[in-house]
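K.L.:
This structure is in structure tokens; I'll ask about it shortly.
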Amino acid sequence: MKKPQELSFDQAAVFQISHAQRTGLELIWDRLEAQEPQCGFGTLGLCCRHCVMGPCRIDPLGDGPKKGVCGATADTLVARHLCRMIAAGAAAHSDHGRRPAILLKEVALGENSAYTIKDEEKLRAVAARLGISPEGEVSQVALAVAEVALSDFGKQDTRPLRFLEAYAPKKRLEHWQKLEEKLLAQTGALFGVLPRSIDREVVDIMHRTTMGMDHDPASLLLQGVRCALSDGWGGSLIATEIQDILFGTPYPRKVRANLGVLKEEAVNIVVHGHEPVLSEMIVQVAQEEELVKMAREMGAEGINVVGLCCTGNEILLRQGVPVAGNELHSELVLTTGLCEAMVVDVQCIYPALPRLAQCFHTKFISTSDQAKFPGAVHIQFFEEKAAEVARAIVRLAVENFKNRDPQKVHYPRIAEEALVGFSVEALLKALGGSVKPLVDAIAQGVIKGVAGIVGCNNPKVRQDYFLVSLCRELLKRDILVVGTGCWAIAAAKAGLMKPEAAAEAGPGVKRLCETLGIPPALHMGSCVDCSRMLVLLGAVADHLSCDISDLPVAGSAPEWTTEKAVSIGTYFVASGVPVHLWPAPPVLGSPAVTKLLTQELDSLLGGFFFVEEEPAKAARKMEEVILARRKKLGLG
Ligand code: SF4
Ligand code: MSK
């Protein structure tokens, strides 16, 4: 058994893992150990179960087979598998985006009175961007925006997504169009890159990766690119923009992060998953007098709602609700013995959680028809009855306070302060209304460039070590860091989101942060909010009349876990951003696909993937990319 400090870089986690090890509670690291050694074929992407002539596997080095039963090669297997990962990731983000789009339509039509439009200014700005008249009745504008969003999910023509056309910078849009024309002229075959509709690109991948369909790795990967673009400039962007309209655009606010946000004297409700639709309502009803009174009658001081993962990020940024941790904290938070309820919606919710909750008094409450868990209490969420459902959940948690066993309470009183909420609108405000000061800071060499860090925790990597160390390495090199998801929570827990943390950065980042009053690591939101980074890149590119692939920027997903991260990485690469990954994706079984991803995509799209195991080495490579682009721009 590994020592807790080998498993996590976060002292609160180390404290809690030690407790779990002492008391015999099973955690994710134990299950990883039980799986080892993990399957080499799977690690290399060399297994296939797409039909029942299989399962097939390919042995690249030994005496085993070099083809599947149907004749599929390693290149096909690897490319098909990666494509399906992209499709699954894009589907998750985009299905998330569909929900607020439908809700906006219902609110506009007066069919749902539980929600309102909180940010009318953003609604009118989004409408104007989409070419819809921003004037007139709010409900009319909202309906028109919702209709465009919903049509991007299901339209059947071949015109690119309206959201992509409206938001992608001019030169990038031209680049994708020309690429399609060039490939047609060179090969006589169609290679689509521009997404037609969000649902269609996922279906296309599921179709073309069945037995006996597309076996050409380049063709498969280009469809992967198209599908990923339908996520970044489509489903995720729609999620972000419409959630801002319905729940408010984030602006900077001070918050607290880590397990110490739990309160011993209060009813603790942990909300976990990705969507803000229910959690916003839980935060709201938990402040109602009747429920607070009920909590007091139970002997608690009040009700303490805290977030986890990206549901946590959503309400952290918009409501200032404290966040208990990122992905690998989801079990640890239960082991504190302080959670009256864990309420989950969708995505990144370990099926182990209900079993662990049963070791305590915690009610594990699932709410989505798409994410049910054996051992959970299921309280179905209906948007039109949002407040009633949220009240039922909070009441259950409050009633459960009496069942808390003080003997089982054990938690670290560790939490950091952070300044979060850097939406594009908030950043522009901090910059005085335009991206010019940021562009000037880059052009004058005050900072070298900007890096985006995204993604998850992965028990194969010491928790938060890569996320935090990479961030520190980049800041030291005078590269400003922005990001989302579990990285953002890691950076907040590590204190990198306090303005004072600029003292750790190089002189340029320090000066910029002090001038603008911002921290050196900027929290831009949840996983779907990676779209905010695309919008920011687009604004800078348009300001300079250049392409994103000209900008001194780089990205990283250094502890990635989910298929969603593959889609995110791919849409950044496809938008012209080089992206670092660790761990390596399951593609190394095909040298041809590996070469495509790490080299050839660069000439097609202006972005590429690279793998690096050490934070300092990854930061150096990202700096090299940024410096090379500066040189090309004549910035020295
Ligand atoms: Fe095997 Fe081909 Fe079927 Fe895959 S599609 S399981 S490689 S026969
Ligand atoms: S929650 S996708 S583990 S960032 Fe968005 Fe974290 Fe990755 Fe889930």
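K.L.:
What's the ranking of 305-312, 364-371 by average number of surrounding C-beta atoms within 10 Å, highest first?
P.N.:
Sorting 305-312, 364-371 by mean packing, highest first, produces 305-312, 364-371.
K.L.:
Along region 363-379, what does the Karplus equation 6.51 cos²θ - 1.76 cosθ + 1.60 (θ = phi - 60°) give for ³J(HN,Hα), rounded to whole Hz, x for Gly and Pro?
P.N.:
So the J values, rounded to whole Hz, are 8, 9, 10, 8, 9, 9, 5, 8, 9, 10, 9, x, x, 8, 8, 9, 10.
K.L.:
At q = 0.16, 0.24 Å⁻¹, what is the log10 ratio I(q)/I(0) for region 15-92, with the Debye formula run over Cα points and no solvent?
P.N.:
After summing over all Cα pairs, the log10 values are -0.73, -1.08.
K.L.:
By what distance, in whole Å, do the Cα atoms of region 516-636 stretch along each of the three principal axes, largest value first?
P.N.:
Sorted from largest, the Cα extents of region 516-636 read 45, 31, 25 Å.
K.L.:
Does anything in region 1-45 have its amide N under 19 Å from the 7 Å Cα→Cβ label point of Glu500, and if so which residues?
P.N.:
Zone members listed by number: 11-12.
K.L.:
Using Stokes-Einstein with the Kirkwood hydrodynamic radius over Cα pairs, what translational diffusion coefficient do you get for region 46-188 at 37 °C and a viscosity of 0.692 mPa s, in µm²/s rounded to a whole number?
P.N.:
Taking Rh from Cα pairs, D becomes 171 µm²/s.
K.L.:
Oh, and also: Using Cα-only point scatterers and the Debye equation, what is log10 of I(q)/I(0) for region 259-408 at each q in 0.18, 0.19 Å⁻¹, rounded to two decimals?
P.N.:
-0.99, -1.12
K.L.:
Now for a separate question. If we restrict to alpha carbons, what Rg and Dmax does the chain come to, in Å?
P.N.:
23.8, 75
K.L.:
Could I ask something else about it? Report ³J(HN,Hα) in whole Hz for each residue of region 138-148, in order, from the Karplus equation J = 6.51 cos²θ - 1.76 cosθ + 1.60 where θ = phi - 60°; Gly and Pro get x.
P.N.:
4, 5, 5, 5, 4, 4, 5, 5, 4, 5, 5
K.L.:
Related question: What is the P(r) of region 445-486, as percent of Cα-Cα pairs per 5 Å bin from 0?
P.N.:
Going out from 0 Å in 5 Å bins, region 445-486 shows 5, 23, 29, 20, 13, 7, 2, 1 percent.
K.L.:
Follow-up question, since we're still on this one. Using the scaling law 2.2 N^0.38 Å as the reference, what is the normalised Cα Rg of region 4-57? Could the numbers behind the result be given before it?
P.N.:
Values: Rg = 17.2 Å, N = 54, 2.2 N^0.38 = 10.0 Å.
It is 1.72.
K.L.:
Largest first, how would Asp204, Asp199 line up by accessible area (1.4 Å probe)? Intermediate results must be reported in sequence, preceding the final value.
P.N.:
Values: Asp204 30, Asp199 55 Å².
Most to least solvent-accessible, the answer reads Asp199, Asp204.
K.L.:
Another question about this same structure. Check cross-link reach from Lys254 to the aspartates and glutamates: straight Cα distance under 15 Å, and skip same-chain residues fewer than eight apart.
P.N.:
Glu314, Glu416, Glu417, Glu500
K.L.:
Moving to a separate point now. Calculate, in nm to one decimal, what Asp405 and Ile379 gain on full extension: separation in residues at 0.36 nm each, minus their alpha carbon distance.
P.N.:
6.9 nm
K.L.:
Compute the length gained on full extension between Glu613 and Arg355: take 0.36 nm times their separation in residues and subtract their Cα-Cα distance, giving the result in nm to one decimal.
P.N.:
Values: separation 258, 0.36 × 258 = 92.88 nm, distance 3.35 nm.
Net length gain for the segment: 89.5 nm.
K.L.:
Follow-up question, since we're still on this one. Which whole number in µm²/s is D for region 175-266 by Stokes-Einstein, with the Kirkwood Rh taken over Cα pairs at 37 °C and 0.692 mPa s?
P.N.:
On the way: Rh = 16.6 Å.
Using the Kirkwood radius from Cα pairs, D works out to 198 µm²/s.
K.L.:
Quick one: the Cα spread of region 340-477 along its three principal axes, in angstroms, biggest first?
P.N.:
Ordered largest first, region 340-477 gives principal extents of 60, 39, 28 Å.
K.L.:
Enumerate the calculated ³J(HN,Hα) couplings along region 159-176 in order (Karplus 6.51 cos²θ - 1.76 cosθ + 1.60, θ = phi - 60°), each rounded to whole Hz, writing x wherever the residue is Gly or Pro.
P.N.:
5, x, 3, 5, 5, 5, 4, 7, 10, 5, x, 4, 5, 5, 4, 5, 4, 4
K.L.:
What base-10 log of the normalised intensity I(q)/I(0) is obtained for region 423-632 from the Debye formula, alpha carbons as equal point scatterers, at q = 0.12 Å⁻¹?
P.N.:
Taken in order of the listed q values, log10 I(q)/I(0) reads -0.54.
K.L.:
Okay, moving on. Where in region 532-564 does the label zone of Ser434 land, with the point 7 angstrom along Cα→C-beta and an amide N cut-off under 12 Å?
P.N.:
Hits in region 532-564 for Ser434 at 12 Å: 543-544.
K.L.:
Can you tell me the FRET efficiency between Glu600 and Lys372 if r is taken as the Cβ-Cβ distance and R0 is 35 Å, rounded to the nearest 0.05? Can you show the working numbers first?
P.N.:
Numbers: r = 42 Å, r/R0 = 1.21.
Using R0 = 35 Å, I get an efficiency of 0.25.
K.L.:
Still on this structure, I have one more. What is the distance in Å between the Cα centres of region 366-445 and region 228-273?
P.N.:
Between the Cα centre of region 366-445 and that of region 228-273, the gap is 5 Å.
K.L.:
In addition: Which percent of the accessible heavy-atom area of the chain goes to carbon and sulfur, probe 1.4 angstrom?
P.N.:
Numbers: 12560 of 23700 Å².
About 53 percent, which is the carbon plus sulfur part of the accessible surface.
K.L.:
Which Rg and Dmax, in Å, describe the Cα atoms of region 211-333?
P.N.:
Over region 211-333's Cα set, Rg and Dmax evaluate to 19.6, 66 Å.
K.L.:
Follow-up question, since we're still on this one. What is the ratio of the Cα radius of gyration of region 462-574 to 2.2 N^0.38 Å, where N is its residue count, to two decimals? Please list the in-between numbers first.
P.N.:
Details: Rg = 14.0 Å, N = 113, 2.2 N^0.38 = 13.3 Å.
Its radius of gyration relative to the 2.2 N^0.38 Å reference: 1.06.
K.L.:
Another one. With a 1.4 Å probe and all protein chains left in place, how much accessible area per residue does the chain have, in Å²? Spell out each step's value before the answer.
P.N.:
On the way: 23700 Å² over 636 residues.
Here the per-residue accessible area is 37 Å².
The values are calculated or read from the model by the stated rules, or taken from the named source; none is laboratory data. Being a predicted model, the structure only gives us computed values, none of them experimental. FYI the Cβ positions are ideal-geometry reconstructions off the backbone, even for glycines, and counts take in every protein chain you see. Just so you know, the surface numbers come from the protein's heavy atoms only, side chains and all, with ligands and any DNA or RNA stripped out. Shrake-Rupley method; radii C 1.70, N 1.55, O 1.52, S 1.80 Å.
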